[in-house]
Every structure is written in structure tokens, then in C-alpha cells.
Amino acid sequence: MGITITEAAATRVQAFLANRGKGLGIRLSVRTSGCSGMAYEMEFVDEVKDDDQVFEDRGVQVVIDPKSLVYLDGTEVDYAREGLNEGFKFSNPNAKSECGCGESFNV
């Protein structure tokens, strides 16, 4: 399936990378944490590891390690502003439930 990124998220990531002055894209991963068990993590990528999976959508490279890909395959990354809040949102078909804040999920 892979990972997709909306136009709004791609624009935001490209702006972050331009301000940073370097970087290949973003790394999306999961860690055990949060209210529901798994939490999303996102960071800049300066180099790709041998076992990483790289997806490119709308001009942005999204890099995922093999262990995280099991939980994230098919996920769409979006960027939204809602009132005073703004941030990245994840539409993950593997998530069976999410916490109220949307930052963690359970599979």
C-alpha cells in the first residue's frame, strides 16, 4: 500500500525543509507510548538507512523503518489547522482505536 501525503502536508514539510536548509524528507515511525499504546513520531531525514522503505508523494520523501511499516502501511499524512491548533494528522487504516487527542493509537 505505502504511505501518502496530502498537498497541505507536503507544502508544510517542504517549508520546514527549506527553513532548515537541508534534509531528504521526513521519517515516520511509531513507538510504544501514549494513551492507546502506540504513538506517532516524525523527524527530519538526512540519510536513508539500508533497510528503510522510502515512499515519495507530492515531492516529499517519507522514510519508514521496517518495524514501523507494519503499523503504518496505508497511512495518509495530512496537515490541518483547527481553530488555534495546527499540526500533522494521520489517517491510519491499521488503527483499531485512537486516544482522544489523536496522538496515539492501538492496533
- Item | the range 1-97, accessible surface, carbon-and-sulfur percent (1.4 angstrom probe) | 46
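Would you rank Thr32, Thr75, Thr6 by solvent-accessible area, highest first, keeping every protein chain in place and using a 1.4 Å probe? Don't skip to the answer; put the middle values down first.
On the way: Thr32 120, Thr75 0, Thr6 20 Å².
Sorted by accessible area, descending: Thr32, Thr6, Thr75.
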- Query: With contacts defined as alpha carbon pairs under 8 Å and 6 or more residues apart, what's the relative contact order of the chain in percent?
  - Reply: 32
- Task: Mind pulling the per residue volume of the convex hull built on the Cα atoms of the range 29-85? Å³ is fine.
- Result: 127
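Measuring with a 1.4 Å probe in the full set of protein chains, what accessible area per residue, in whole Å², belongs to the chain? Please report the intermediate quantities before stating the final value.
Values: 6360 Å² over 107 residues.
That works out to 59 Å² for each residue.
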- Residues in the range 4-27 near a label at Phe44, defined as backbone nitrogen under 12 Å from the 7 Å Cα→Cβ point? 14-27
- Cα point-scatterer Debye curve for the chain, base-10 log of I(q)/I(0) at q = 0.18, 0.20 Å⁻¹: -0.89, -1.08
- Query: Using a 1.4 angstrom probe and counting only protein chains, how large is the accessible area of Lys22 in Å², to 10?
  - Reply: 120
- Return the ratio Rg/(2.2 N^0.38 Å) for the range 54-93, where Rg is computed over Cα atoms only. 1.34
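Just to confirm a number: summing +1 for Lys and Arg and -1 for Asp and Glu over residues other than Gly2 whose beta-carbon lies under 11 angstrom from that of Gly2, what do you get?
Numbers: positive: none; negative: Glu56, Asp57, Asp73, Glu76.
Net of charged neighbours comes to -4.
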- Query: Just how much of Asp46 is accessible, in Å², when a 1.4 Å probe is used and the result is rounded to the nearest 10?
  - Reply: 80
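The values are calculated or read from the model by the stated rules, or taken from the named source; none is laboratory data. The shown structure was predicted, so the numbers you read here are calculated from the model rather than taken from an experiment. All Cβ positions, glycine included, derive from the backbone under ideal geometry; neighbour counts span all protein chains shown. What goes into the accessible areas is simple: the full protein's heavy atoms, side chains included, and nothing from ligands, DNA or RNA. Shrake-Rupley method; radii C 1.70, N 1.55, O 1.52, S 1.80 Å.
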